[in-house]
1. Before we move on, is residue 209 within 17 Å of residue 293 (Cα to Cα) and not hydroxyl-bearing (Ser, Thr, Tyr)?
2. When segment 203-233 is examined, which residues are found to be of a type in the set (A, V, I, L, M), in contact with an Asp or Glu (Cβ under 9 Å, 6 or more places away or on another chain) and either part of a loop (DSSP other than H, G, I, E, B) or away from ligand 2 (no atom under 16 Å from the Cβ) (or both)?
3. All but one of (1) closer than 21 Å to residue 193 by Cα; (2) in a helix (DSSP H, G or I); (3) open to solvent by 100 Å² or more (accessible area, probe 1.4 Å); (4) not β-branched (Val, Ile, Thr) hold for residue 295; which doesn't?
4. Name the pairs whose Cβ atoms lie under 7 Å apart, with the first residue in segment 214-226 and closer than 16 Å to residue 57 by Cα, the second within 8 Å of ligand 2 (Cβ to nearest atom) and open to solvent by less than 60 Å² (accessible area, probe 1.4 Å), and 6 or more positions between them or separate chains?
5. Can you say whether residue 44 is touching a helix residue (DSSP H, G or I) at 6+ places or on another chain (Cβ under 9 Å) and open to solvent by less than 70 Å² (accessible area, probe 1.4 Å), as far as the supplied structure shows?
6. Of the numbered conditions (1) under 30 Å from residue 104 (Cβ atoms); (2) part of a loop (DSSP other than H, G, I, E, B); (3) more than 16 Å from ligand 2 (Cβ to nearest atom), residue 273 fails exactly one; give the number of that condition.
7. Is there any pair with a first residue in segment 33-46 that is closer than 15 Å to residue 214 by Cα and outside any helix (DSSP H, G or I) and a second that is open to solvent by 40 Å² or more (accessible area, probe 1.4 Å) and not β-branched (Val, Ile, Thr) whose Cβ atoms are under 8 Å apart and which are 6 or more apart or on different chains, and what are they?
8. Being assigned to a helix (DSSP H, G or I) and over 22 Å from residue 250 (Cα atoms) is the filter here, so list the residues in segment 301-314 that pass it.
Amino acid sequence: MTIAPATPTRTALRARLVSVVMPMHNERDGLDRLFARLVPVLREVGVPFEIVCVDDGSRDDTWERLKEARAHVPNLKIVTFSRNFGKEIAVTAGLAHTSGDVVVVMDSDLQHPPEAIPELLAHWNDGDYDAVYARRVDLDRGSFLRNAFSKAFYKAFDYMSEIRVDRETGDFGAFDRKVIDAFLAMPERNRFNRGLFAWAGFRTTTIPVTMEERQTGASSWGFVKLLRLAVAAITSFGTLPLKVWAVIGSIVSLTALIYGLYVVVKTIIVGADVPGFPSLMVAILFFSGVQLIGLGIIGEYLGHVFSEVKRRPLYFVSEAIGFDAADAAADAEETSRAG
Ligand code: UDP
Ligand code: MG
């Protein structure tokens, strides 16, 4: 593991409280290892901290383990959902439960090394940046197919949306309170967090971090889930896919017109020959396909509109522990003693 070589300005942090947010879905086996690495790092930072873990409807006993962990992990605050709502929403819920001046968001499977946190915080602390992302230095380590898919997605996203997200930066970063407030002010149901952060703006920088392999359990992102996130991301951040049909339609009509003229002229000059059945079928099938794709894309947007106008809550919390005043006071004392 390497951490950014640049500017380790280890002056005292100007934060009164540092929050760490982690979404968790079936992460029972990794918890001990996670806290064993995370807590010493946070202690070293030397400012009171809180760790907010959101159990996103795990089917294993992640929640029970989190409750047990509260006995030895200082200022651990835990939230569990009524069901699985997905990572983007779990992170959103976690952020809504923080009160730090600066918030670190990271995965809970140790792919995001906790040892990079002081560096992220140091860059925030300098005051020049409101959002500091960890930039992966080992980009193409997954399977060939996954990398190809991810490259294609970022190209498409870049081209079709009104904002920019980098392929090298992920969900690991430190964010100023005002960025978190901006993020939480965006109430949409179809959430692509990195897009929302990018849309919010603010002064952003990145530091290089070597991400690690998942320590235990398995990634919850199958191909279909990734594809759905990709489509939701693109259609949430731009309307180009909707507009492109006007262009395609115009090109097709123009071609048809020219071809029609050609057929008329040819018929007048050399007379009608036997109509070409295969070419007719190909044309009909091709353009029905084109129309269905167009309809499907409109449907995708309509689906977004549908889920937005229902205005359902983003998630339901089934239990939250560590957030009441008594807990918080005891925990704050413990972390400041430790720090
Ligand atoms: N996660 C979650 N809800 C889900 C799927 C994943 O909260 O429905 C969490 C998971 O526990 C982990 C993070 O999101 O902390 C990243 O998930 P994962 O490691 O499965 O994804 P990958 O690293 O393969 O992209
Ligand atoms: Mg992972």
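1. On the way: within 17 Å of residue 293 (Cα to Cα): no; not hydroxyl-bearing (Ser, Thr, Tyr): yes.
Criteria not met by residue 209.
2. Within segment 203-233, the first condition is being of a type in the set (A, V, I, L, M), and the residues that meet it are 207, 209, 211, 218, 224, 226-227, 229-233.
Still in the list and also in contact with an Asp or Glu (Cβ under 9 Å, 6 or more places away or on another chain): 207, 209, 211, 229, 231-232.
Within segment 203-233, 207, 211, 231, 232 meet the criteria.
3. All conditions are met except number (1).
4. 217/109
5. Working: touching a helix residue (DSSP H, G or I) at 6+ places or on another chain (Cβ under 9 Å): yes; open to solvent by less than 70 Å² (accessible area, probe 1.4 Å): no.
So residue 44 fails the test.
6. Failed condition: (1).
7. none
8. Step one: list which residues in segment 301-314 are assigned to a helix (DSSP H, G or I), which gives 301-309.
Residues satisfying the conditions are 302, 303, 304, 305, 306, 307, 308, 309.
The values are calculated or read from the model by the stated rules, or taken from the named source; none is laboratory data. This is a predicted model, so every value here is computed, not measured. Because the Cβ atoms are built from the backbone with ideal geometry, glycine has one as well, and the counts that use them run over all protein chains shown. The protein model used for the area step is the full one, side chains on, heavy atoms only, and it has no ligands, DNA or RNA in it. Shrake-Rupley method; radii C 1.70, N 1.55, O 1.52, S 1.80 Å.
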